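Comments concern the structure below.
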Amino acid sequence: MKREIIIYYSRNKENYCSGIIKNLEIGNTKKVANLIKDYLHIDSFEINMVEPYSDDYSKCINEAREDKCNKHYPKYINDINLDDYDVIYLGYPNYWGTCPMVVFSFLKNHDLTNKEIRPFVTHEGGFFGRSLDDIKEIAPKAIIKNGLELLGSKVDLLHDEIIDWVNK
Ligand SMILES: Cc1cc2nc3c(=O)[nH]c(=O)nc-3n(C[C@H](O)[C@H](O)[C@H](O)COP(=O)(O)O)c2cc1C
């Protein structure tokens, strides 16, 4: 049997949802990761930055853009051995049209040869953006399967869609 794991990055605190700034207790992507975890009863690993972006939305936007422009790969706390896993549910928010840079830090640190990646993104209109191409460039030997795009501010209403995708 294939062994599966959920790897994700998500940020709580201030976020911009459907036109207003909201203080999120749990980030949108984490909500999806938690739902998949509870449904499949599989392991998960949250990518937490050593130096997290600001709780303040505007500052966070700028910090994330700077990391992207400077091709800076932020460090994250702890790590996980992926040898025992065949399938990775990879979840992240769309940041500036692609993955948050720390997700690329994680991918760069692992040999993903022949690993099946099932990507899911939460976004506010940009869908996957260029993230799938960027993941393929960093992990060319991974097998990228059909992904799931979710409007971040609506994830609470999309449980059926998420479970349907998991079961495909
Ligand atoms: C730094 C930053 C950059 C973002 N850039 C985009 C973007 O380019 N396109 C988009 O659709 N949404 C963008 N968003 C919105 C997030 O993708 C969306 O709110 C997501 O659901 C946040 O997930 P999280 O709560 O798990 O962190 C951005 C949000 C942040 C904080």
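Every number here is computed from the coordinates shown, using simple stated rules; none is lab data. Quantities reported herein were computed from a predicted structural model and do not represent experimental measurements. Using ideal geometry, Cβ is built from the backbone for each residue, glycine included, and neighbour counts are taken over all protein chains shown.
For Cα pairs less than 8 Å apart in space and 6+ apart in sequence, what is the mean separation divided by the residue count of the range 4-166, i.e. the relative contact order in percent? Kindly include the intermediate steps, with their values, before the conclusion.
Details: 302 pairs, mean separation 39.2, N = 163.
The value is 24 percent.
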May I ask you to list the aspartates and glutamates whose Cα is less than 18 Å away from that of Lys154, ignoring any residue fewer than eight positions away on the same chain?
-> Glu14, Glu25, Glu124, Asp164
Roughly what % antiparallel, to the nearest 5, for the DSSP beta bridges in the range 4-166?
-> 25 percent
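Treating the beta-carbon of each Lys and Arg as +1 and of each Asp and Glu as -1, no other charges, what is the dipole magnitude of the chain about its Cα centre, to the nearest 20 debye?
Here the chain has a charge dipole of around 280 debye.
Can you give the extra length, in nm with one decimal, that the chain gains between Tyr16 and Arg65 once fully stretched, where that is 0.36 nm per residue apart less the Cα-Cα distance?
Working: separation 49, 0.36 × 49 = 17.64 nm, distance 1.58 nm.
Stretched out fully, the Tyr16 to Arg65 stretch lengthens by 16.1 nm.
Counting only helical runs of four or more DSSP H residues, what would the 222 nm mean residue ellipticity of the chain come to if each run contributes -39,500 (n - 2.57) and the total is spread over all its residues?
Rounded to the nearest 500, it is -8500 deg cm²/dmol.
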Listed residues Lys71, Lys13, Lys108; largest mean-square fluctuation, Gaussian network over the chain with Cα springs below 10 Å, found at Lys71
Fluctuation leader among Glu124, Glu25, Glu149 - the chain, Gaussian network, Cα springs under 10 angstrom = Glu25
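Between Lys154 and Glu137, what length in nm is gained on full extension when 0.36 nm per residue of separation is reduced by their alpha carbon distance?
Working: separation 17, 0.36 × 17 = 6.12 nm, distance 2.99 nm.
Contour length minus the Cα-Cα distance gives 3.1 nm.
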